[in-house]
Amino acid sequence: MAHFEFSDRPLDAAALHATVEDRTCGGFASFEGWVRDFNDGRPVERLEYEAYALLAVKEGDRIIAEAMARFGVTHARCVHRVGELALGELAVWIGVSAPHRGEAFAACRYIIDEVKHRVPIWKKEHYVAGDSGWVNCERCAAAPTVTAHPHGAARGHDQDHDHDHGHDHATPRAPASVGVHAPGLPSPDYSRQRVLPEVGDAGQARLRTARVLVIGAGGLGAPVLGYLAGAGIGTIGVVDGDVLDTSNLHRQTIYSLADVGRPKALLAAERLRALNPEVDVRPYVQRADRSTLPPLAGGYDILVDCSDNFATRFVVNDVAVRLGKPAVAASIYQYEGQLQVVMPGGPCVRCVWPRATRPGVVGNCAEAGVLGPVPGVLGSMQALEVIKIVLGLESPACTGVLLVDLRTLETRRLRARRAAGCAGGPCTELDPVEPAPSLEMELDLATPGAAADFTVVDVRDPDEILARPLPVARLHIPAARLAAGAALPEGTGPVLLVCARGQRSLLAAEALVARGVSARSLRGGLAGQPRHA
């Protein structure tokens with residue numbers, strides 16, 4: 001049984017309770033969050049949850065394991081709903097059994113707090129007057145009120161329920177706000193920048209709707225990410241395939257020593273969500289290259305190159321030029337830095353340097369050395385340029401390259417002209433960027449022979465399969481196992497992945513395709529299958 005899981009079907013609290021009940025334990029604590037009919041003074045009709053399932057299950061399991069190790073509990077489980085929920089439905093359930101009630105209390109509190117600010121889950125409030133749009137729900141729940149009871153003859157069961165969409169059955173309280181911050185915690189405050197005449201309410205609204213993709217979460221990326229999240233940029237993508245090393249920490253100060261060995265993209269997402277829960281942070285644990293970057297870049301307004309090598313810098317430039325998107329690039333060498341803003345129609349990186357420097361000609365930070373504040377300064381300048389682009393402010397960095405010597409504090413600006421044929425010839429070496437082919441397909445599984453060309457793989461959980469078996473022969477490999485790298489049986493041909501609504505299967509298909517497997521996802525899952533008489 002998985003420790004952390006999602007369900008698109010109603011939750012049965014009593015049945016879930018039984019899965020963690022242990023008569024050898026003296027304490028049991030549970031948390032239940034329910035969908036309520038009023039939020040921020042507005043009547044609610046229903047609620048909708050979606051999750052980045054492959055990443056979310058891995059992170060959720062990690063949280064459960066941490067709680068069990070830290071508090072010495074015997075059993076722990078968390079189940080979170082996805083899909084549409086009606087008023088009064090149970091949205092999230094957590095149960096913990098431990099030798100003593102203190103450990104059960106602490107572990108249950110730890111799990112709900114960590115899930116709410118580390119697991120990528122989005123929600124949409126459906127109000128009578130319209131919906132709220134998709135927003136993060138990390139850290140949108142206050143510390144839960146949980147009640148433990150000892151196992152024994154005179155056992156009591158008096159639980160209070162609390163959730164960002166839940167009913168508090170103990171005492172009435174004001175509903176949570178529409179935002180994603182936890183009740184009791186202060187809301188993000190942009191007053192110090194909103195007072196600037198160039199920002200104001202209109203500018204803050206533009207920042208909130210901006211979508212920025214940051215390539216690299218290292219020395220340059222760390223300050224860029226921190227300042228963009230602090231400014232209230234609405235959606236931030238983080239692309240980085242590296243894990244944190246102890247040698248990174250003197251300049252990548254958004255991380256900590258305890259994080260060493262974990263992927264930077266995931267760590268950065270955790271830090272940004274803790275800094276500003278209103279920001280939609282999307283981590284991509286992969287390297288940016290000619291094949292991976294174009295499909296990602298299409299969903300963002302601005303690209304920020306915080307990489308540490310020339311090859312990636314030129315790929316970012318080429319993608320930005322071909323897609324007609326602004327890009328903000330920076331690089332450092334010891335005490336020196338360069339900054340360039342590439343705007344549609346203006347000079348790009350290749351207009352200044354037609355060819356990338358060969359690897360090894362210029363040393364990286366490990367070879368040449370670097371003081372932490374140097375990338376900190378250049379990264380802060382990149383963040384400022386991004387904000388200026390969003391606000392529509394002009395910048396000299398759009399017409400050339402800014403050179404900064406942080407040992408002498410001298411700056412120079414090299415003017416640049418757009419090269420002839422830029423965006424159509426010498427300034428890009430990428431093939432034309434085309435939308436990535438869809439991995440989804442429509443198919444009626446009940447039609448004889450419809451899936452004959454595929455090995456059907458059911459990625460649902462066992463209880464879902466028992467409730468609604470597939471009408472065709474299939475393999476069963478849960479989505480979480482595929483995300484963890486589970487291999488398909490030897491000789492398996494093209495696969496068709498199936499889940500309840502099509503989200504888990506699509507993410508699993510993307511993961512398999514990245515590993516070289518021919519995979520497709522059933523569009524809409526079983527919920528989208530035709531109803532046969």
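The values are calculated or read from the model by the stated rules, or taken from the named source; none is laboratory data. Keep in mind that what you see is a predicted model, and the values were worked out from it rather than measured. Cβ atoms come from the backbone with ideal geometry, glycine included; neighbour counts cover every protein chain shown. The accessibility values were calculated without ligands, DNA or RNA, using every heavy atom of the protein model including side chains. Shrake-Rupley method; radii C 1.70, N 1.55, O 1.52, S 1.80 Å.
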State whether the residues of the stretch 251-267 include one that is in contact with a helix residue (DSSP H, G or I) (Cβ under 7 Å, 6 or more places away or on another chain), closer than 18 Å to MET381 by Cβ and open to solvent by less than 20 Å² (accessible area, probe 1.4 Å).
-> yes
(1) outside any strand (DSSP E or B); (2) in contact with a strand residue (DSSP E or B) (Cβ under 6 Å, 6 or more places away or on another chain); (3) not hydrophobic (A, V, I, L, M, F, W, C) all hold for GLY237 apart from (1)
Which numbered condition SER7 misses (of (1) farther than 10 Å from TRP93 by Cβ; (2) touching a helix residue (DSSP H, G or I) at 6+ places or on another chain (Cβ under 8 Å)) | (1)
Residue list for the stretch 121-131, restricted to those being among the charged types (D, E, K, R) and either out of contact with any Leu (no Cβ under 9 Å at 6 or more places or on another chain) or open to solvent by 10 Å² or more (accessible area, probe 1.4 Å) (or both) = LYS124, ASP131
Scan the stretch 493-512 residue by residue and report those that are of a type outside the set (Gly, Ala, Ser) and open to solvent by less than 60 Å² (accessible area, probe 1.4 Å).
-> PRO494, VAL495, LEU496, LEU497, VAL498, CYS499, ARG504, LEU506, LEU507, LEU512
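Would you tally the residues in the stretch 461-473 being open to solvent by 90 Å² or more (accessible area, probe 1.4 Å) and either in contact with a Ser or Thr (Cβ under 9 Å, 6 or more places away or on another chain) or at pLDDT below 85 (or both)?
Of the residues in the stretch 461-473, the ones open to solvent by 90 Å² or more (accessible area, probe 1.4 Å) are 466, 473.
From what is left, the residues that are either in contact with a Ser or Thr (Cβ under 9 Å, 6 or more places away or on another chain) or at pLDDT below 85 (or both) are 473.
Looking only at that region, the number is 1.
Do we have any residue at all in the stretch 272-282 that's modelled with pLDDT under 85, open to solvent by 20 Å² or more (accessible area, probe 1.4 Å) and not in a strand (DSSP E or B)? Spell out the reasoning first.
Within the stretch 272-282, the subset modelled with pLDDT under 85 is none.
Within the stretch 272-282 (the criterion being modelled with pLDDT under 85, open to solvent by 20 Å² or more (accessible area, probe 1.4 Å) and not in a strand (DSSP E or B)), the answer is no, since none of the residues qualifies.
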Among (1) open to solvent by less than 20 Å² (accessible area, probe 1.4 Å); (2) at pLDDT 90 or above, which single condition is ARG211 missing?
-> (1)
Of residues in the stretch 293-317 being touching a helix residue (DSSP H, G or I) at 6+ places or on another chain (Cβ under 9 Å) and open to solvent by 40 Å² or more (accessible area, probe 1.4 Å), the one nearest to PRO188 (Cα to Cα) = ASP301
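Restricting the search to the stretch 514-526, which residues are under 28 Å from PRO283 (Cβ atoms) and either of a type outside the set (A, V, I, L, M, F, W, C) or open to solvent by less than 60 Å² (accessible area, probe 1.4 Å) (or both)? Walk me through it before giving the result.
Looking only at the stretch 514-526, we keep the residues that are under 28 Å from PRO283 (Cβ atoms), and these are 514-525.
ARG515, GLY516, VAL517, SER518, ALA519, ARG520, SER521, LEU522, ARG523, GLY524, GLY525, listed by residue number.
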Of these, GLY216, GLY234, GLY230, which one is more than 23 Å from PRO373 (Cβ to Cβ) and buried (at least 16 other Cβ atoms within 10 Å of the Cβ)?
-> GLY234
If you check ALA51, ALA107, ALA98, ALA67, which single one turns out to be modelled with pLDDT under 85, surrounded by 20 or more Cβ atoms within 10 Å (Cβ to Cβ), within 22 Å of ALA13 (Cα to Cα) and among the small types (Gly, Ala, Ser)?
-> ALA51
Close pairs (8 angstrom Cβ cut-off, 6 or more residues apart or separate chains): at negative phi and surrounded by fewer than 12 Cβ atoms within 10 Å (Cβ to Cβ) in the stretch 1-29, in a helix (DSSP H, G or I) and small (Gly, Ala, Ser) anywhere | none
Right, ARG468: among the basic types (Lys, Arg) and more than 22 Å from THR19 (Cβ to Cβ) or not?
-> no
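Can you work out which of the residues in the stretch 410-453 that are among the hydroxyl-bearing types (Ser, Thr, Tyr) and open to solvent by 40 Å² or more (accessible area, probe 1.4 Å) is modelled with the lowest pLDDT? Write out each step before concluding.
Kept after step one, since they are among the hydroxyl-bearing types (Ser, Thr, Tyr), are these residues of the stretch 410-453: 411, 428, 438, 447.
Filter once more, keeping what is open to solvent by 40 Å² or more (accessible area, probe 1.4 Å): 411, 438, 447.
On the way: THR411: 86, SER438: 78, THR447: 86.
By that ranking, first place goes to SER438.
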Residue satisfying all of: in the stretch 386-409; modelled with pLDDT of 90 or more and in contact with a helix residue (DSSP H, G or I) (Cβ under 6 Å, 6 or more places away or on another chain); nearest to ASP305 (Cα to Cα) among these = ILE387
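Within the stretch 50-68, is even one residue under 17 Å from GLY95 (Cβ atoms) and not in a helix (DSSP H, G or I)? Give the steps one after another, and end with the answer.
Let us first name the residues in the stretch 50-68 that are under 17 Å from GLY95 (Cβ atoms), namely 60-61, 63-68.
With not in a helix (DSSP H, G or I) added as a condition, the list becomes none.
Among the residues of the stretch 50-68, not one is under 17 Å from GLY95 (Cβ atoms) and not in a helix (DSSP H, G or I), which makes the answer no.
Take the residues in the stretch 70-95 that are small (Gly, Ala, Ser) and within 26 Å of LEU267 (Cα to Cα), then tell me which one is surrounded by the fewest Cβ atoms within 10 Å (Cβ to Cβ). Give the steps one after another, and end with the answer.
Taking the stretch 70-95 first, the residues small (Gly, Ala, Ser) are 72, 76, 83, 86, 88, 91, 95.
Okay, now just the ones that are also within 26 Å of LEU267 (Cα to Cα), so 72, 76.
Details: GLY72: 13, ALA76: 26.
This residue is GLY72.
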How many residues, within the stretch 110-120, are at pLDDT 85 or above and either open to solvent by less than 10 Å² (accessible area, probe 1.4 Å) or in contact with a Leu (Cβ under 6 Å, 6 or more places away or on another chain) (or both)?
-> 3
Residue in the stretch 13-35 that is under 24 Å from the mean Cα position of the chain (by Cα) and not in a strand (DSSP E or B) present = yes
